[in-house]
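The values are calculated or read from the model by the stated rules, or taken from the named source; none is laboratory data. Given the structure is predicted, the values throughout are model-derived calculations rather than measurements. FYI the Cβ positions are ideal-geometry reconstructions off the backbone, even for glycines, and counts take in every protein chain you see. For the accessible areas, the whole protein counts, side chains as well, though only heavy atoms, and no ligand, DNA or RNA atoms are used. Shrake-Rupley method; radii C 1.70, N 1.55, O 1.52, S 1.80 Å.
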Amino acid sequence: MIKTQELEINLGPQHPSTHGVFRMITKLDGETVTSVESKVGYLHRGMEKLAESRTYTQYIPYTDRLDYLASINNNLGYVQTVEKLMGVEVPERAEYLRIIFGELQRLASHMVAIGTGSLDLGGFTPFLYTFRDREKILDLFEMTIGGRMTMNMPRIGGIIEPPEEFWPALNKFLGEMPGSIEEYHGIITGNEIFQARTVGVGIISPELAEQIAVTGPNLRGSGIKWDLRKNAPYGIYDRFDFEVPVGVNGDCFDRYIVRVREMEESIKIIHQAVRDIPEGPTFAKVPKLIKPSVGEVYHRVENPRGELSFYIVSDGSTKPYRLRIRGGTFVNIQVLPYVAPGWKLADVIAILASLDIILPECDR
Amino acid sequence: MPQYGSGLFVSIAHLIRGLFGGTTVTADVVMTVINSLIIWALIALAALSLILLERKVAGWMQLRTGPNRLGPRGWFQTVADAMKLLGKEDIFPAAADKWVFGLAPMFVIGLSVMVMAVIPYGKGMVPVDLNVGIFYLLAVSALTTIPFFMAGWGSNNKFALLGGMRAVAQMISYEIPLVFSLLGVVMITQTFKMSAIVNAQSHVWFILLQPLGFVVYTIAATAETNRAPFDLVEGESELTAGAFTEYTGMRWALFFLGEYANLFIVSAVAATVFLGGWQGPFLPGWIWFAIKVLFMVFLFLWFRWTFPRLRVDQLMHFGWKVLLPLSVANILLTGVGIYIYQLIYPAIGG
Amino acid sequence: MENSVLLKKVEELAQKLDGEVEVSIDTPVLKIKGNRIIEALSAAKAFAEVPCDFLHDLTGVDYPERNEFEVVYHLSSLKGAQMLRVKATIDRDNPVIDSAVRLWSGADFPEREAFDLLGIKFSGHPNLTRILLWDDFVGYPLRKDYVVDSYEERRRLRTLKPGE
Amino acid sequence: MFGKGLAKGLGITFRHMFDKKITEFYPEDMPTLPPRTRSSLALNTPKCISCGMCSSACPNKVITLTTDKNESNKKFLTSYHMDLTRCLFCGLCTEACPTKALYTTTEFENAVYFREDMQWDMMQRYRDKVASGEIKEEVKPETKQEEAKDNG
């Protein structure tokens, strides 16, 4: 036997495939990974501390900056938490608009996930196809609220009414979407090289997922049918008819395909919401200065990257006493040291891409 | 078939040769110098235009326009990039092995020049028409592994080392199917001489006689030039830039130049061996040759901008367990074919 | 349905561990002393019908006027919509509590974060080091007595000193 | 059969080679942004009633304004500064403005070379805009009367 030396490699904080500033201390035996240690915190901005010096309304733009690829979902999670704390009833039309925008944002976020997933496996072109379609969604957002990435769109007690020209643009986009998804299937899903790189790679067993508290598409990829929109509905998700796609093996391919199928379900939900949306006001009557009574609340929402939840402790003032954010990525990322060893270096990148991490949400 | 202008460059060569007295030693020396200068110019030209072509094709496939700022439709972009790279600082990492690190890029480009000397660019346009042309070509291009490993080892960087190791493993494994895929053609033509192989295709191109050989060659050549889906040496998503991680400025540009020179070479070899070289109606031979090379180059670009990358062990599996048996099968089939052919037409072949 | 069943279970558990139960908005809350936490969590994990076996979140809250920390565990499950909040109070001067890593390996990062930002020590944690902040950071930012630099100090534009 | 998916992918990329390109030729063709775009802020000084709502709505203390009172005990602006280095472009200030004196604009070329240039003097910017003819100055009736008083 030839005795070889283990090679220790720092993947990150500056590395093309770590999706921001994530660092993995990887030990290699040849090309095979023997251990991975993940280091986070390079993007820590003290979000929870910042909340203590901002009023409830002023904190909404900060939630944009958690998971910046799904900022409306974050906004919604936060404002719904505050509404739950205050007991505010949101008008019907606002609820429907929240569904439409939340699902549009989920589509955009999953597009980035599968596009960068393909990019991390070396396929550059699919990445730009997904971004082409994401651009259309961002245009819709820009038309409605004026922001593209950090929208700051919902308000406590309502949401901003989109302009007239939004509805035809939305219909046009929905009409184009099935063709685009067909294209992703053609260039990514059906590609034998992509399948060879992902099928059977990085299996997260259901037991491991439950131990770590993995959530979101990563959990469903492992075959557990758990989606808060279905199992513990918030907002008006209980009125919509959609499937919860699950994977079989819990490998990278399953996590990928769950995302693509979730996109199809999101389109279904948007279609239903556009069909059923009533006329009416989009703002509830809430005081200008939000001042919840003493108490605490915990609210969880299904974000594209796992369950996002806010825990707010209120002391009756205009500012939260303590605000805790539980991001999906922060918990999901713990799975890496369990899954990665034994695979090749390139597989670690594939696993990381399939976990679809986003560091601002992780480090906060 | 009439071909107009085929003899243009040959006549010029004759003219220059005539100036120095036809067949004297002086004339040979002058011609060698001129030929090597032309090859250098060709490498530079090929690299500049192929880089632009790659960026343009990539852009079009991705619904972009590609470079569009400098010159008409961005045609001077690579020239500007080359200028920029020339002006950049030449950094030697403190822990690098200075000699190995510094020499690696020179070797890459030197080997490319050596290979390009035996390619028939047109009728009578072979700078050095060796009677062991293909043999020489394969032998020299097999050496390209060494500069990659030198770069990987000399950089004293972990990513570069991994890239260098991948380069060795990959290029040596794919060298064998590459050689075997060309062997079928050699069996038919009974010669190693490049110009003779082209002449043998005056009636039928070898892509029709050797379709399997062509497919194996194309795949192995993709791997040999380290292009996607076999670009593990660079593998930017895991190894940042693989063997070239520590290179900057002109040294890095030489690697880049070498990469595109290699792309040109494998395309030229495919055009010569399988696509009939400079054979073709109406147009001058060298234009036909250019068209065929461009077609092959486009094929490689198309693969690169469509496929994701293979994993290192899958690459080895594919090379040894799929491509090698296929190329051996090709040789066997060719042998059987020749045997049957000789039974029918005993006069032909040896 | 789930809530009433869960509430009954929690009340039984509270009696056993001499804790208190209250309902906050729609979530049952179990308040106990810090030293009984592992008992409480493992009992909650094994609740029949309504298991709370998914550690959704773990965090701490600082209450300087009561001189104590609350370590807050949010337990849910993949088998139903139930949600349970367990609050363990520990002394602020000696903030030590048993680690939940032996029950859920996913408690690793949240516990390290609580240690990092609040200074709560989790005994039995395999690698209790700072996670979000750097290793030689002084202080625990989420404590209420942590002094944040003034706004003027933070907004000062940094100018290069000569020699930099 | 192995290779079918590969061929399909090749087909898709080849087809897109001849599709219409979606590149925007930015400085030549300026994009037309929708009217709600929040890419820059502007202050219409005469409309401002110096209430300070914008400054208190801002999550990040971007806006500092100073006011003074004239003889009829009416507040008027003496200075209005925004520190764009801290601005989130969330639009909460424009929503809070009761007279819509502060509004978002679609100007998006806000890059500057020096950090100091990010400190915007909004009143100066308004005067520049008026001087360049980009917007018409609104003349308040009271100011007219005051001028008349001064003259007479």
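Before moving on, here are some points about what is shown:
- Count Lys and Arg as plus one, Asp and Glu as minus one, and take only other residues whose Cβ is under 15 Å from that of B:Ser267; the net charge is then 0.
- For chain A, the longest principal axis of the alpha carbon atoms and the long axis of helix A:124-144 meet at an angle near 10°.
- A:Thr57 long-range amide H proximity, modeled H, under 5 Å: A:Ile290
- Scanning residues 5 or more positions from C:Arg130 or on other chains, none has an amide H under 5 Å from its amide H, with H placed 1.01 Å from N in the peptide plane.
- Using only side-chain charges placed at the Cβ, +1 for Lys and Arg and -1 for Asp and Glu, the dipole size of chain B relative to its Cα centre rounds to 600 debye.
- 3J(HN,Hα) couplings calculated from phi for the range A:4-18 with the Karplus curve 6.51 cos²θ - 1.76 cosθ + 1.60 (θ = phi - 60°) are, in sequence order, 10, 9, 6, 10, 9, 10, 8, 8, x, x, 9, 8, x, 10, 9 Hz; Gly and Pro show x.
- For the range D:17-119, applying the loop criterion from DSSP together with a ceiling of 15 other beta carbons within 10 Å to the chymotrypsin sites (Phe, Trp or Tyr not before Pro) yields D:Phe18, D:Phe25, D:Phe108, D:Tyr113, D:Phe114.
- Relative packing of peptides B:182-190, B:157-165 - highest average C-beta neighbours within 10 Å first: B:157-165, B:182-190
- The angle between the Cα long axis of helix A:71-86 and the main principal axis of chain A comes to about 50°, on a 0 to 90 degree scale.
- Cut-off 14 Å between beta-carbons: net charge of the residues surrounding D:Ala7, Lys and Arg +1, Asp and Glu -1: +2
- With the helix formula -39500 (n - 2.57) applied to DSSP H stretches of n ≥ 4, the protein assembly as shown reaches a computed 222 nm mean residue ellipticity of -14500 deg cm²/dmol.
- The value for the protein assembly as shown of Rg(Cα) / (2.2 N^0.38 Å) is 1.12.
- Solvent-accessible area buried by pairing C with A, both sides, nearest 100 square angstrom, 1.4 angstrom probe: 3600 Å²
- Added length on full extension, which subtracts the Cα-Cα distance from 0.36 nm per residue, B:Trp320 to B:Leu19: 103.0 nm
- Carbon + sulfur, % of accessible area of the range A:216-306 - ligands and nucleic acids excluded, 1.4 Å: 52 percent
- Mean sequence separation of contacting Cα pairs (under 8 Å, at least six apart), scaled by the length of chain A, corresponds to a relative contact order of 27 percent.
- Per atom type, chain D shows carbon and sulfur on 56% of its accessible surface, probed at 1.4 Å.
- 14 Å beta-carbon shell around A:Tyr96, net charge (K/R +1, D/E -1): -3
- For A:Arg322, the residues 5 or more places off, or on other chains, whose built amide H falls under 5 Å of its own are A:Val313.
- For the range A:7-363: accessible area per residue (Å², 1.4 Å): 28 Å²
- Loop-located GluC sites (Glu not before Pro) in the range D:59-117, at most 10 other Cβ atoms within 10 Å (DSSP): D:Glu71, D:Glu109
- Minimum 50 Å² accessible area buried by the other protein chains, the range A:274-302 residues, probe 1.4 Å, relative to alone: A:Glu296, A:Tyr298, A:Arg300
- For the pair A and B, the buried accessible area comes to roughly 2500 Å² in total, with a 1.4 Å probe and the value rounded to the nearest 100.
- Crossing angle, helix A:92-120 versus chain A [Cα axis fit, 0-90 degrees, rounded to tens]: 20 degrees
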